[in-house]
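Participant: Dropping a structure here in structure tokens format, bear with me for questions.
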Amino acid sequence: MKNKIKQALLLTAICIIGFSNILQAQSVYKINDSKDIDMKLSGTSTLHKWTMDAKTFSGDADFKTGSAGQLTAVQSLTFSLAVANLKGSESGLNKNAYKALKANEYKDIDYKLLSATITPEKDNKYLIKARGNLTIAGVTKEVTMDVEGVVNENKTITCTGSEKLNMTDYAVKPPKFMLGAMTTGDAITLDFTLVYKKATI
């Protein structure tokens with residue numbers, strides 16, 4: 001009986017120590033809502049180029065850093081953008097874009113990292129080869145992006161990237177407006193600058 005109690009106490013102690021180590025090893029970062037953050041969709045049309053910008057979105061990441069502050073791994077990374085936060089200069093395009101993106105049914109554009117490799121560059125910069133799932137209008141596609149990661153002096157981490165997409169790959173019909181006089185092209189570009197700040201646990 002005493003041996004069983006000792007074994008139970010030992011197992012409990014091991015679990016507590018292991019859990020404490022997990023908490024200490026966590027490096028949870030949240031998107032830092034600031035003027036430096038930006039995300040945009042841009043493309044072409046039969047009349048002119050167009051851009052829809054957003055500066056409000058959410059996300060988190062698990063960055064691993066070394067003793068000298070260098071970025072060593074990206075364990076996880078997500079971001080989520082409400083479609084309604086995308087705004088262009090023409091209200092007609094906005095309205096039809098929301099409709100084409102099925103914003104009433106699928107309110108967000110989401111990204112979730114699957115894996116990443118890191119190549120150090122100079123001046124605290126890193127090339128991150130990011131493979132992840134991008135979900136637009138309820139359709140999820142795997143994409144691989146080259147992302148520039150920068151470890152800033154204030155310990156935040158900035159991720160900047162660009163990805164060319166085709167709307168029809170996500171079952172999105174390129175929107176039209178001005179009574180059909182303007183039709184957008186299928187190809188669009190997603191550009192983003194995200195600042196992740198270490199969260200207080």
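The values are calculated or read from the model by the stated rules, or taken from the named source; none is laboratory data. Computed from a predicted structure; not experimentally measured. With ideal geometry, Cβ positions are generated from the backbone for all residues, glycine too; neighbour counts draw on all protein chains shown. We work out accessible area using only protein heavy atoms, side chains counted, and drop any ligands, DNA or RNA first. Shrake-Rupley method; radii C 1.70, N 1.55, O 1.52, S 1.80 Å.
Participant: Name the single residue that is modelled with the highest pLDDT among those in the stretch 168-196 being surrounded by fewer than 17 Cβ atoms within 10 Å (Cβ to Cβ) and part of a loop (DSSP other than H, G, I, E, B).
Facilitator: Ranking the candidates gives Ala171 first.
Participant: Out of the stretch 70-111, which residues are over 19 Å from Ile128 (Cβ atoms), in a strand (DSSP E or B) and open to solvent by less than 20 Å² (accessible area, probe 1.4 Å)?
Facilitator: Those that are over 19 Å from Ile128 (Cβ atoms), in a strand (DSSP E or B) and open to solvent by less than 20 Å² (accessible area, probe 1.4 Å): Leu81, Ile109.
Participant: Quick check: anything in the stretch 133-150 assigned to a loop (DSSP other than H, G, I, E, B), out of contact with any helix residue (DSSP H, G or I) (no Cβ under 8 Å at 6 or more places or on another chain), closer than 21 Å to Phe57 by Cβ and open to solvent by 50 Å² or more (accessible area, probe 1.4 Å)? Before you say what the answer is, go through the steps one by one.
Facilitator: Keep residues of the stretch 133-150 that are assigned to a loop (DSSP other than H, G, I, E, B), which gives 137-138.
Checking the rest, the ones that are also out of contact with any helix residue (DSSP H, G or I) (no Cβ under 8 Å at 6 or more places or on another chain) come to 138.
Narrowing further to those that are closer than 21 Å to Phe57 by Cβ: 138.
Filter once more, keeping what is open to solvent by 50 Å² or more (accessible area, probe 1.4 Å): none.
Checked the stretch 133-150: no residue is assigned to a loop (DSSP other than H, G, I, E, B), out of contact with any helix residue (DSSP H, G or I) (no Cβ under 8 Å at 6 or more places or on another chain), closer than 21 Å to Phe57 by Cβ and open to solvent by 50 Å² or more (accessible area, probe 1.4 Å).
Participant: Right, something else. Of the residues that sit in the stretch 51-69 and are within 21 Å of the chain's Cα centre (by Cα) and not in a strand (DSSP E or B), which one is surrounded by the most Cβ atoms within 10 Å (Cβ to Cβ)? Can you show your working first?
Facilitator: Here is the first cut: in the stretch 51-69, the ones within 21 Å of the chain's Cα centre (by Cα) are 51-65.
The next check asks that each one be not in a strand (DSSP E or B); those that pass are 55-57, 59.
Numbers: Lys55: 14, Thr56: 12, Phe57: 21, Gly59: 19.
For the stretch 51-69, the residue satisfying everything is Phe57.
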